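Undergrad: Sending over a structure as structure tokens; questions will come in a sec.
The values are calculated or read from the model by the stated rules, or taken from the named source; none is laboratory data. Note that the structure is predicted; figures quoted are calculated from it, not measured. Every residue, glycine among them, receives a Cβ derived from its backbone with ideal geometry; neighbour counts consider all protein chains shown.
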Amino acid sequence: MRKSQLAAALILALAGMLVCPAHRAQAASASQTSPDVTLASMAPEQRGDLLMARGQYLAAITAYREAPQDAQVLNKMGIAYHHLEAIDLAKKDYEKALLIRPNYPEAINNLGAAYFAQRNYKKAIRLYRRALVLLPDSAVIAANLGTAYFARGKYKPGLEAYRKAFALDPDVFNNTSQMTVGALSTADRARQDYCIAELFAQAGMQDRAIEYLRKAFGEGFSDRNKLMEDAVFAKLRQTAQFAQLMAEQKLH
């Protein structure tokens, strides 16, 4: 398995960020543990959290297997397998977690991310929607839902989900290093980036709007008439940044 393939399939943000808040908190706590405290002296779950934070996913799985197999631990094991691109194994652990706790929104979201990784977007959408009902304030799940809609070519509900995600947390789109681009077609990525640019423009965040318009152009967006007529970008079109962007496009 090549690293580039793994990076393209990890589903860690707009195409399906994995959700496990308890893991993040415990990993942060474990990382601050005194150097005198060895891994062997930690409880298995805490040890697994620290190994996950270090990117040692196989070792983390071994540690989690030594812990009581409750829903949270099974969800964490699923995440570790997900990082290793062992999607079928990840799904099994998410499903086991849901047998114990059927309304566990983080595991439902993560199962949706696994189906997204396998390009079963219809199933992913159903799971994301279910998770969002249970955890309506999750910007991550809303963004995941939006991208799953985009992957199916359903742009209107995709944009609505993005609007919800943006309203909950404008920073949900900030970490572009976590965006999974491999699961969407180039045309869908261009449309996705254009829609995110609209959200930033509506919020008056001009620099971010320009950033995503530039991404859209890079993915092949070419409808300049739409851009010049779109009322959402009326103020943006009056800026020097927009003029520079359009000048760049004339050079290509």
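Undergrad: Hey, can you tell me all the residues within segment 122-173 that are closer than 18 Å to residue 107 by Cβ and touching a Gly at 6+ places or on another chain (Cβ under 6 Å)?
TA: 124, 127, 128, 144
Undergrad: Those residues that are of a type in the set (A, V, I, L, M) and in a helix (DSSP H, G or I), I need them from segment 216-252; list them, please.
TA: Once the filter is applied, which keeps residues that are of a type in the set (A, V, I, L, M) and in a helix (DSSP H, G or I), segment 216-252 yields 216, 227, 228, 231, 232, 236, 240, 243, 245, 246, 247.
Undergrad: Just to verify a result, which residue in segment 145-156, among those that are touching a residue at least 12 places away in the same chain (Cβ under 8 Å) and either touching a Ser or Thr at 6+ places or on another chain (Cβ under 7 Å) or in a helix (DSSP H, G or I) (or both), is farthest from residue 118 (Cα to Cα)?
TA: 155
Undergrad: If you scan segment 107-142, which residues turn out to be under 22 Å from residue 169 (Cβ atoms), without any contact (Cβ under 8 Å) to a residue 12 or more places away in the chain and either small (Gly, Ala, Ser) or in a helix (DSSP H, G or I) (or both)?
TA: 133
Undergrad: Still on this structure, please answer the following. Being over 21 Å from the mean Cα position of the chain (by Cα) and modelled with pLDDT under 95 is the requirement here; does residue 30 meet it?
TA: Answer is yes for this residue.
Undergrad: For the condition more than 12 Å from the chain's Cα centre (by Cα), modelled with pLDDT under 90 and not charged (D, E, K, R), what is the one hit in 157, 170?
TA: Matching residue, one of 157, 170: 170.
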